[in-house]
Structure formats: structure tokens, C-alpha cells
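Q: First the structure, which I've put down as C-alpha cells, then a few questions once you've had a look.
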Amino acid sequence: MTPATPVLHTARLRLRPFDDADAGPLFALHGNTRVMRYWDSPPWTEPARAERFLATCRKLAEEGTGARVAVDRVSDGAFVGWCGLAEWNPVFRSASFGYCLGEEMWGHGYATEAARALLGWAFDTLDLNRVQAEVDTRNPASARVLEKAGFVREGTLREDCVVNGEVSDSWVYGLLRREWAPTGGQGPHAGRG
């Protein structure tokens with residue numbers, strides 16, 4: 001049986017399942033051209049995309065193939081963005097990791113903090129052995145987030161994306177259970193709502 005999408009707490013963040021009220025903030029996030037600059041799809045132009053995203057989140061949870069969580073700032077409840085695991089494979093004990101944060105949330109360490117929380121849950125609750133992530137090679141800030149979370153760069157996928165006619169490469173990162181080291185005393189605490 002697949003565990004329910006978690007509610008996790010860190011010193012500054014709450015990670016929680018998405019709800020319908022998140023459609024507006026999601027559309028604003030994914031409609032921002034700077035946020036989507038290195039994404040594998042263009043910025044959203046239709047609000048219905050947010051509804052489809054939320055439906056996909058529910059489907060991932062129902063099918064047991066992943067979990068995406070909204071990330072809120074504890075101090076004021078502001079929507080920070082989201083992070084998630086997809087492509088769970090219980091036989092290989094593996095999954096893919098991804099995240100997206102609002103432009104005004106960059107540079108505060110929120111992405112690393114959220115990543116560590118979700119990864120801790122993934123290794124402890126899902127008993128994963130490997131988590132993989134990919135990042136556009138033109139996005140060193142995102143690569144640093146993964147490295148701070150413990151990921152190791154394993155290789156380059158050459159010209160694997162074409163977005164708005166622009167070809168780009170991606171770095172592949174991996175994090176193994178035996179390499180996972182949550183920060184001392186700052187690990188996530190699972191909880192309810």
C-alpha cells in the first residue's frame with residue numbers, strides 16, 4: 001500500500017497535499033517567464049493548466065506513482081512553490097525528484113529546506129534506494145540546490161530539451177540511500193495538517 005501524500009514541517013516551511021485553492025498561486029508560478037526559463041515546457045497561458053496540474057497530483061497519489069506537495073512559509077502562510085517525487089518504482093526502490101519555487105522565494109534556502117524534508121520522508125517512509133533529478137545546464141542555481149541536498153552529478157543528457165525553439169542540455173543527478181545525510185537536528189517532522 002502506498003503511503004498518503006505527507007504533511008511535513010521544517011523550521012520555516014510546511015509541505016502539504018495540494019487543494020483546489022492552490023490553482024491561482026500555481027497558475028501565477030507557472031505563468032512566470034523567469035520561473036519557467038529553464039523548464040521543459042513554456043510558461044502557462046491558460047488557468048485551466050493549473051486545474052490539470054492538480055488533477056495530475058491527485059492521480060499520482062491515487063495510483064501510488066508519486067507525491068507532489070505544496071510548500072508554504074510558516075511565518076505568513078505564503079505559497080512558496082512545490083516539490084515532488086514521481087515515477088516511483090517499488091521494485092527498484094527509486095523515484096524522480098523535482099521542484100518549482102516562486103521568483104520572490106529564490107535565494108532564501110527554501111528549495112533546499114523543502115528538498116531535504118521530502119527526501120527524508122522518501123528514504124524513511126518509502127524505503128527508497130535512489131532518487132534522481134535533472135536540471136538544465138544553464139541553471140547553476142538549481143544545480144546548487146540539488147548539491148546542497150546531497151545529490152551527486154552523474155552525467156549530461158546532450159540536447160535533450162527543446163523549449164520555444166531553444167535546444168538545451170540537462171545534468172543528471174542522483175542521491176543514494178547510503179549517501180543520504182539529513183542535516184543534524186534540522187530534519188523534517190511528519191505531522192498532520
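The values are calculated or read from the model by the stated rules, or taken from the named source; none is laboratory data. Quantities reported herein were computed from a predicted structural model and do not represent experimental measurements. Here the Cβ is made from the backbone with ideal geometry for all residues, glycine too, and neighbour counts use every protein chain on show.
Q: Report yes if VAL162 is part of a strand (DSSP E or B) and buried (at least 22 other Cβ atoms within 10 Å of the Cβ), otherwise no. Quick ask: steps written out before the conclusion?
A: On the way: part of a strand (DSSP E or B): yes; buried (at least 22 other Cβ atoms within 10 Å of the Cβ): no.
When the stated conditions are applied, VAL162 does not pass them.
Q: Here is a follow-up. Residue check: is TRP44 touching a Phe, Trp or Tyr at 6+ places or on another chain (Cβ under 9 Å), surrounded by 14 or more Cβ atoms within 10 Å (Cβ to Cβ) and part of a strand (DSSP E or B)? Explain how you work it out, then say what you get.
A: Values: touching a Phe, Trp or Tyr at 6+ places or on another chain (Cβ under 9 Å): yes; surrounded by 14 or more Cβ atoms within 10 Å (Cβ to Cβ): yes; part of a strand (DSSP E or B): no.
No.
Q: Which of (1) more than 16 Å from LEU176 (Cβ to Cβ); (2) free of Cβ contacts under 8 Å to residues at least 60 places away in the same chain; (3) among the charged types (D, E, K, R) does ASP124 not meet, given it meets every other one?
A: The failed condition is (1).
Q: When the stretch 165-186 is examined, which residues are found to be at pLDDT below 85 and crowded, with 16+ Cβ neighbours inside 10 Å? Write out each step before concluding.
A: Step one: list which residues in the stretch 165-186 are at pLDDT below 85, which gives 165, 181-186.
Hit for the stretch 165-186 is PRO182, nothing else.
Q: Follow-up. Scanning the stretch 47-85 for residues that are of a type in the set (A, V, I, L, M) and not in a strand (DSSP E or B), which turns out nearest to ALA28 (Cα to Cα)? Even if it seems obvious, please write down each step before you answer.
A: First, pick out the residues of the stretch 47-85 that are of a type in the set (A, V, I, L, M): 48, 50, 54-55, 60-61, 67, 69-71, 74, 78, 80, 85.
Imposing the further condition that a residue be not in a strand (DSSP E or B) reduces the set to 48, 50, 54-55, 60-61, 74, 78.
Numbers: ALA48: 12, ALA50: 9, LEU54: 14, ALA55: 17, LEU60: 22, ALA61: 24, VAL74: 20, ALA78: 13 Å.
Checking each candidate, the answer is ALA50.
Q: When you go through (1) out of contact with any helix residue (DSSP H, G or I) (no Cβ under 8 Å at 6 or more places or on another chain); (2) assigned to a helix (DSSP H, G or I); (3) not acidic (Asp, Glu) one by one for ARG16, which number turns out not to apply?
A: Failed condition: (2).
Q: Could you go through the stretch 30-40 and let me know if any residue there is touching a helix residue (DSSP H, G or I) at 6+ places or on another chain (Cβ under 9 Å), at pLDDT 95 or above, assigned to a helix (DSSP H, G or I) and surrounded by 15 or more Cβ atoms within 10 Å (Cβ to Cβ).
A: Yes.
Q: Here's a follow-up. Please identify the pairs in which a residue from the stretch 2-24 that is under 14 Å from CYS83 (Cβ atoms) has its Cβ atom under 7 Å from the Cβ atom of a residue that is of a type in the set (Ser, Thr, Tyr) and modelled with pLDDT under 95, counting only partners at least 6 apart or on another chain.
A: PRO17/THR5
Q: Find all pairs meeting these conditions: Cβ atoms under 6 angstrom apart; at least six residues apart or on different chains; first residue within the stretch 168-193 and at negative phi; second residue aromatic (Phe, Trp, Tyr) and modelled with pLDDT of 90 or more.
A: TYR173/PHE151; LEU175/PHE151; ARG177/PHE123; TRP180/PHE123
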